[in-house]
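Undergrad: Structure below; questions to follow.
The values are calculated or read from the model by the stated rules, or taken from the named source; none is laboratory data. Computed from a prediction, not measured in an experiment: that's the story for all the values here. In this analysis, Cβ positions are derived from the backbone assuming ideal geometry, glycine residues included, and neighbour counts consider all displayed protein chains.
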Amino acid sequence: MAKSWDNWKGAGIRWHEPGKPDIYLLGDRSEYWKQDDPTDPSKIVIAQHQLMDEVYAIVQDQTLQPNSIALFRSGIQHEDETLRSNHVIWTRVFSHYFEELKPLLLELVSHHKAKVRLSIIQGLDPLPPEPETTNILSAGLIDKSKKVRSFTVQQIRQNDQKQVLPNLSNLLEKEQDPDLSNQLKTVISILTKGYFVEPDPYDPLMCTVHHGTKYERFDMSIAEAASENIQERLNALTK
């Protein structure tokens, strides 16, 4: 390892520019993983230390290092799920600061391994800059893995990505899985109307109204919900 924990003595460092993610690195070594055996650290621990050494250097110098892109690309393809996720997160954060990193997530969302593609989608909160966000989500929606498609729909709902509505509608026409079809119908309705009304399968006089990333139980039937101004009732809940 190049620098390891010695970097982390003293105060943390912060990097912030308007409209970009705020980066704050603690000075207490908590971003590093402890050695399982200090005399013979595992490859996973070494990889996490290499990642944090790179992150520290980038933030301190406010510039990409010579090996940054190669390290992020390699780390996103790592066998360890947590390491993949950590590399995706830092690549996404730094993509707001460096143009060179913007294409990397889009490149790897087409990776031949589904677990790599899934890691990209799961690590998109908050999102990268446009147009990369739209391109990545569009790729995720047509992924051959149902799990990747499902997580992509969740990210679209979570981040209110209305610009991909046409892609959602196209996917709904082709989607064969009933669970994902229902998920798509919910998100399309939320993005277009602001809510989705779901009937209660056990009580015809109750329904669930999904709005944003939340939901509310209302004492009304589907027929009553159709004639009610649901948005007004939802607004009243927040007053």
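Undergrad: Looking at Asp179, Asp203, which is the one that is without any contact (Cβ under 8 Å) to a residue 60 or more places away in the chain, under 22 Å from the mean Cα position of the chain (by Cα) and over 22 Å from Thr133 (Cα atoms)?
TA: Of the residues listed, the single one that is without any contact (Cβ under 8 Å) to a residue 60 or more places away in the chain, under 22 Å from the mean Cα position of the chain (by Cα) and over 22 Å from Thr133 (Cα atoms) is Asp179.
Undergrad: Glu99 - would you say it is assigned by TED's automatic domain parsing to the domain that holds Ala11, closer than 23 Å to Ser138 by Cα and surrounded by fewer than 13 Cβ atoms within 10 Å (Cβ to Cβ)? Can you show your working first?
TA: Numbers: assigned by TED's automatic domain parsing to the domain that holds Ala11: yes; closer than 23 Å to Ser138 by Cα: yes; surrounded by fewer than 13 Cβ atoms within 10 Å (Cβ to Cβ): yes.
Yes, satisfied.
Undergrad: Then there's this: I'm told Glu107 meets every condition in (1) assigned by TED's automatic domain parsing to the domain that holds Ser85; (2) buried (at least 19 other Cβ atoms within 10 Å of the Cβ) except one. Can you identify the failing condition by its number?
TA: For Glu107, the exception is condition (2).
Yes/no per residue for (1) in contact with a strand residue (DSSP E or B) (Cβ under 7 Å, 6 or more places away or on another chain); (2) closer than 25 Å to Asn159 by Cβ; (3) not assigned by TED's automatic domain parsing to the domain that holds Phe151:
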| residue | (1), (2), (3) |
| --- | --- |
| Val187 | no, yes, yes |
| Pro201 | no, no, yes |
| Pro204 | no, no, yes |
| Val209 | yes, yes, yes |
| Glu216 | yes, yes, yes |
| Glu224 | no, no, yes |
| Gln231 | no, yes, yes |
| Ala236 | no, no, yes |
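Undergrad: Further, regarding this structure: Need the failing condition index for Asp53 against (1) out of contact with any Lys or Arg (no Cβ under 6 Å at 6 or more places or on another chain); (2) closer than 19 Å to Arg14 by Cβ; (3) buried (at least 17 other Cβ atoms within 10 Å of the Cβ), just the number.
TA: Of the numbered conditions (1) out of contact with any Lys or Arg (no Cβ under 6 Å at 6 or more places or on another chain); (2) closer than 19 Å to Arg14 by Cβ; (3) buried (at least 17 other Cβ atoms within 10 Å of the Cβ), the odd one out for Asp53 is (1).
Undergrad: Quick one: is Gln176 in the same structural domain as Leu141 (by TED's automatic domain parsing) and farther than 20 Å from Leu137 by Cβ?
TA: Yes, satisfied.
Undergrad: Scan region 145-162 and tell me whether some residue there is among the aromatic types (Phe, Trp, Tyr) and closer than 30 Å to Ser221 by Cβ.
TA: The answer is no, given that none of the residues of region 145-162 is among the aromatic types (Phe, Trp, Tyr) and closer than 30 Å to Ser221 by Cβ.
Undergrad: So if I check each of Val148, Val116, Val88, Val93, which one is in contact (Cβ under 8 Å) with a residue 24 or more places away in the chain, within 20 Å of Thr213 (Cα to Cα) and either in a helix (DSSP H, G or I) or over 10 Å from the mean Cα position of the chain (by Cα) (or both)?
TA: Going through Val148, Val116, Val88, Val93 in turn, just one is in contact (Cβ under 8 Å) with a residue 24 or more places away in the chain, within 20 Å of Thr213 (Cα to Cα) and either in a helix (DSSP H, G or I) or over 10 Å from the mean Cα position of the chain (by Cα) (or both): Val148.
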